[in-house]
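Shown next, in structure tokens, is the structure this report addresses.
The values are calculated or read from the model by the stated rules, or taken from the named source; none is laboratory data. None of these values were measured; they are calculated from a predicted model. Cβ placement follows ideal geometry from the backbone for every residue including glycine, while neighbour counts extend to all protein chains displayed.
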Amino acid sequence: MVFKKLLLLCFILLSISACSSEADIQLKPLATDAVILAFGDSLTFGIGANSQTESYPTILAELTGRQVINSGLPGEISQHGLIRLAEELEETKPDLVILCHGGNDLIRKLSQVELKSNLESMVSLIKQSGAEVVLVAVPNFSLMLKVPPLYSEVAMSLQSPIDNKTLALIESKRQFKSDTVHPNALGYKLLATEIHQLLQASGAL
């Protein structure tokens, strides 16, 4: 069973690499002592797996060899995340932020106009702090699992690399999920691997 899961993971990785748009936007190379802040909600925290050992930030730290701080707050909407982000940036002083937010806005059917505005403000705030940012898009939790265009629009307007494929794929495959919303350990591993590849493609690693 484990072998079959590993084969499936390899196949999915190859499929994503073939269809995902690579990072045209280049980031500064991360020093070996660089700090990466993973900022988001339950998808960052690691609900659905062991958050201490199987969350995507934990796995990303292993893949990159850099410190990755898990700043995921389950249930948080983007309006509150924007307020919390300022405090986190001041406290952790990261070199790079992985921003994965908006899932709770979409689940609660809150305004996507406000979500876009909050994400734009978050990205701007991160850049003003001197850190760089990578955006991870969250799909609508509906039958089609489409990623709202607002994520690509934010990434394009503020010139930030984006992964807009992986979470949608994870959410569409039962073997990568612990429940109707959250990934399992295998899903988080896939997310971390794809973010790692995006950092390599953008020149951060």
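Descriptive notes on the structure:
One line per residue, one yes/no per condition, for (1) over 27 Å from Ile59 (Cα atoms); (2) aromatic (Phe, Trp, Tyr):
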residue	(1), (2)
Arg84	no, no
Lys93	no, no
Gln112	yes, no
Tyr151	no, yes
Thr166	no, no
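- Comparison of Asn118, Asn104 shows that the only residue that is more than 21 Å from Thr58 (Cβ to Cβ) and in contact (Cβ under 8 Å) with a residue 60 or more places away in the chain is Asn104.
- Glu171 over 29 Å from Ala185 (Cβ atoms), under 16 Å from the mean Cα position of the chain (by Cα) and not in a loop (DSSP other than H, G, I, E, B): no
- Given (1) assigned to a helix (DSSP H, G or I); (2) at pLDDT below 95, number of the condition Leu190 does not satisfy: (2)
- Applying the set (1) under 16 Å from the mean Cα position of the chain (by Cα); (2) closer than 19 Å to Ala34 by Cβ to Lys93 leaves exactly one unmet item: (1).
- The residue pairs whose first member lies in region 177-188 and is within 12 Å of Phe45 (Cβ to Cβ), whose second member is buried (at least 18 other Cβ atoms within 10 Å of the Cβ) and acidic (Asp, Glu), and whose beta carbons are closer than 7 Å, counting only pairs six or more residues apart or on different chains, are Tyr188/Glu54.
- Enumeration of residues in region 161-203 that are surrounded by 22 or more Cβ atoms within 10 Å (Cβ to Cβ), among the β-branched types (Val, Ile, Thr) and farther than 20 Å from Asp24 by Cα: Ile170
- Count of region 94-140 residues which are outside any helix (DSSP H, G or I) and either in contact with a Ser or Thr (Cβ under 8 Å, 6 or more places away or on another chain) or at negative phi (or both): 23
- Scanning region 133-149 for residues that are in contact (Cβ under 8 Å) with a residue 12 or more places away in the chain and either crowded, with 20+ Cβ neighbours inside 10 Å or among the hydrophobic types (A, V, I, L, M, F, W, C) (or both) returns Val133, Val134, Leu135, Val136, Ala137, Val138, Pro139, Phe141, Leu145, Val147.
- Selection of first residues in region 34-51 that are in a loop (DSSP other than H, G, I, E, B) and of second residues that are among the charged types (D, E, K, R), restricted to Cβ pairs under 8 Å at least 6 apart or on distinct chains, gives the following pairs, ordered by first then second residue: Ala34/Arg66; Ala34/Asp95; Asp41/Glu76; Gly46/Glu54; Gly48/Lys177; Gly48/Asp179.
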